[in-house]
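One structure is given here, and the rest of the page talks about it.
The values are calculated or read from the model by the stated rules, or taken from the named source; none is laboratory data. The structure presented is a predicted model; accordingly, all values stated were derived computationally and were not measured. Cβ: placed from backbone, ideal geometry, glycine included. Neighbour counts: every protein chain shown.
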Amino acid sequence: MMETWYALVNHLLPFAWTQHTFMKNALLAVLLVSPLFAIMGTMVVNNKMAFFSDTIGHSALTGIAIGVLLGFQDPLWIMVIFSVLLALAISVLKTLTNASTDTTIGAVSATMVALGIVILSRGGGFNKFSRFLVGDLLSINPDEVLLLAFTLAGVVILWGVMFNKFLLVSVNPSLAHSRGIPVRLIDTLFCITTAVIVTISIQWVGILIINSLLILPAAAARNISRSMRQYHVASLLITFTSGIAGLLMSYYWSTATGATIVLFAALFYLGTLLVKPRFA
Amino acid sequence: MSKVSIIQKTHRESCGLCHTKLKNFGVTIGRTEILRDIDLHIQCGELTALVGPNGAGKTTLLKAILGEIRHTGELSFLDAGDCRRNPVVGYVPQRLDFDPGSPVSVLDLFSACLSSWPVCLVHSRRRRERVSAGLASVQAEHLLDRRLGDLSGGELQRVLLAMALEPNPDLLLLDEPVSGIDVQGKEIFYDLVSNLRKQYDLSIILVSHDWSLVSNHADRIVLLDRTVQRCGTPQEVFSDERILRTYGPAISKDTEQTFLKPRLIHNGGVRA
């Protein structure tokens, strides 16, 4: 399957940067991550869950730490299970305590980062984990690309079935409830989906910037759209453009790919902010 | 679109729901008892108005009937043969809290309620027409492509009413639905609701502070303050000495005006 892709890239994009196999892999990864983050991000922003996804991202550190403690080489599955449990814990905390959600989430976030750092820095070995902080998209291998493809397919199917319910819950939970939607269940399902996607993507994008990649395109698209369809189309265009531009520029500038992509997305955000009055 | 054609549009048999029964009904949140010992029996085709001071628990009662808040006691929906059934409940909230910057159009929100076809994809013409017809029943078809955040308070309430009427509900819960609407809008709203009720036998529970309109349109008034203080026809409730004493001259003045010269209020009065 990857051979077909390599041949296709060689045929369509006969440039210097596509000579490297790692760039071909990374390009495919960007093409998969972009729609994934575009459609996730729009709903995260709709639900005002930017802080939640940020916490899930940061807590990945603790997930890694637990994986390391349990002696796993590749802690991805441990990280995913951990973040799902954490997402569940946060949604239970949200309903149990009447405290404002950001207070609850803020407390969890800082605790998780601290716990992760304490465990991973035992014996001064934190440096080997710093790849998780910045992320390395260029190191992605074909198996991992396949994992991303399956994740994207899963999200697209979930959206096909549940999008309207997610939307109604995000607009107003009472209204959704009166339409017979199990609000808490839908809310929890969305939290879990966010947790899984953030955690799966984190080793290529990086803990520090993953949330920006999720939020910025959606925030930019929001500035210039007046309906759900425009919102999604704009968000997709922005993630694709900034994803490809970021990948290329990071190759020529020798910079971290994830961060370069985020900078392009930030440019889009600034640009849309300037033209916002025309659309509002 | 006239009211008659609206009703003709919504083909419908009389609903199977016959009455909603609340027995020994109460709501306690945390340690605060908000409602207690409520016994109510709401017949189909009846417009019941819930009135009472602020903080009396009117909204809480509606939310408990909706199932959003837990309640004690018994709540049952019965059909003609006294069998329990799950009714379609329409709900128009007092005020819809949503993010005004959100890029959701009226069409998006409405079709999200009607079908599960993701509204971020293309809207089919059939769905567009259905939503448009629904909006036309509250004279709001021009709002179809507006962003939700760009609607005025009254426009938003009309859109919400149209949504609550689609699919046709057995029980319609209206929480101060017209508090932000001008006098003419209120008239249209109440006439529409009255007609729907007569035609389709649907029960309506309406929370309102608008004593004059309520006494003209409601079959029954329930005065709520923690529990049911008084329940009866508008004449019975508003002529009750005890209620006049407890709830002060504001009510008596309102009802007096209503009974003596209702037209005047309708044409010129701006009532809170």
Scope region B:108-123; condition more than 7 Å from chain A (Cβ to nearest Cβ) and either among the charged types (D, E, K, R) or under 22 Å from the mean Cα position of the chain (by Cα) (or both); matching residues: B:Phe110, B:Ser111, B:Leu114
Give the residues of region A:175-201 that are hydroxyl-bearing (Ser, Thr, Tyr) and surrounded by fewer than 20 Cβ atoms within 10 Å (Cβ to Cβ), sorted by residue number. A:Thr188
Within region A:71-92, which residues are within 18 Å of A:Ile186 (Cβ to Cβ) and either polar (S, T, N, Q) or buried (at least 16 other Cβ atoms within 10 Å of the Cβ) (or both)? A:Val84, A:Ala87, A:Ile90, A:Ser91
Using the structure shown, decide if B:Arg125 is of a type in the set (D, E, K, R) and under 30 Å from A:Ala234 (Cα atoms). yes
Restricting attention to region A:172-196, the residues that are without any contact (Cβ under 8 Å) to a residue 60 or more places away in the chain, of a type in the set (A, V, I, L, M, F, W, C) and closer than 15 Å to A:Val44 by Cα number exactly 2
Here is a check on your reading of the model: is B:Arg70 within 11 Å of chain A (Cβ to nearest Cβ), part of a loop (DSSP other than H, G, I, E, B), on the phi < 0 side of the Ramachandran plot and basic (Lys, Arg)? no
Of all residues in region B:143-157 being in contact with a Pro (Cβ under 9 Å, 6 or more places away or on another chain) and in a helix (DSSP H, G or I), which is nearest to B:Leu173 (Cα to Cα)? B:Gln157
Identify all residues within region A:35-63 that are out of contact with any Leu (no Cβ under 8 Å at 6 or more places or on another chain) and among the aromatic types (Phe, Trp, Tyr); write none if there are none. A:Phe51, A:Phe52
In region A:117-130, the residues that are closer than 19 Å to A:Ser59 by Cα and either within 14 Å of chain B (Cβ to nearest Cβ) or surrounded by fewer than 19 Cβ atoms within 10 Å (Cβ to Cβ) (or both): A:Ile117, A:Val118, A:Ile119, A:Ser121, A:Arg122, A:Gly125, A:Phe126, A:Asn127, A:Lys128, A:Phe129, A:Ser130
Subset of region A:227-245, residues within 21 Å of A:Ala153 (Cβ to Cβ), small (Gly, Ala, Ser) and within 14 Å of chain B (Cβ to nearest Cβ), comes to A:Ser235
Tally, over region A:235-280, of residues that are small (Gly, Ala, Ser) and either in contact with a strand residue (DSSP E or B) (Cβ under 8 Å, 6 or more places away or on another chain) or crowded, with 22+ Cβ neighbours inside 10 Å (or both): 6
Confirm whether B:Ser102 is small (Gly, Ala, Ser), touching a residue at least 24 places away in the same chain (Cβ under 8 Å) and in the same structural domain as B:Ser76 (by TED's automatic domain parsing). no
Residues that are within 12 Å of chain A (Cβ to nearest Cβ), basic (Lys, Arg), assigned to a loop (DSSP other than H, G, I, E, B) and more than 29 Å from B:Val222 (Cβ to Cβ): does region B:84-98 have at least one? no
Just to verify a result, which residue in region B:179-203, among those that are part of a helix (DSSP H, G or I) and charged (D, E, K, R), is farthest from the other protein chains (Cβ to nearest Cβ)? B:Glu187
Within region B:73-83, which residues are at pLDDT below 80 and not in a loop (DSSP other than H, G, I, E, B)? B:Leu78, B:Asp79
Does A:Leu137 fit the bill of being under 28 Å from A:Ser254 (Cα atoms) and surrounded by 14 or more Cβ atoms within 10 Å (Cβ to Cβ)? yes
Of the residues that make up region B:225-236, is at least one out of contact with any strand residue (DSSP E or B) (no Cβ under 9 Å at 6 or more places or on another chain) and part of a strand (DSSP E or B)? yes
Say we look at region B:107-160 and pick out the residues that are surrounded by fewer than 20 Cβ atoms within 10 Å (Cβ to Cβ) and in contact with a Gly (Cβ under 7 Å, 6 or more places away or on another chain); which of these is modelled with the highest pLDDT? B:Gly149
Can you name every one of the helices (runs of 4 or more DSSP H) wholly within region A:131-226 that holds 2 or more residues which are over 17 Å from the mean Cα position of the chain (by Cα), within 14 Å of chain B (Cβ to nearest Cβ) and at pLDDT below 90? A:173-178, A:183-205
Restricting to region A:250-267, name every residue that is outside any loop (DSSP other than H, G, I, E, B), more than 17 Å from the chain's Cα centre (by Cα) and at pLDDT below 95. A:Ser250, A:Tyr251, A:Tyr252, A:Trp253
Scanning region B:185-201 residue by residue, those among the hydroxyl-bearing types (Ser, Thr, Tyr) and either closer than 16 Å to B:Ala140 by Cα or out of contact with any Asp or Glu (no Cβ under 9 Å at 6 or more places or on another chain) (or both) turn out to be B:Tyr190, B:Ser194
Give B:Leu161, B:Leu156, B:Leu206, B:Leu213 a once-over and let me know the one that is more than 17 Å from B:Gln43 (Cβ to Cβ), touching a His at 6+ places or on another chain (Cβ under 9 Å) and either within 14 Å of chain A (Cβ to nearest Cβ) or not β-branched (Val, Ile, Thr) (or both). B:Leu213
Can you spot a residue in region B:167-178 that is part of a helix (DSSP H, G or I) and either under 17 Å from the mean Cα position of the chain (by Cα) or at positive phi (or both)? no
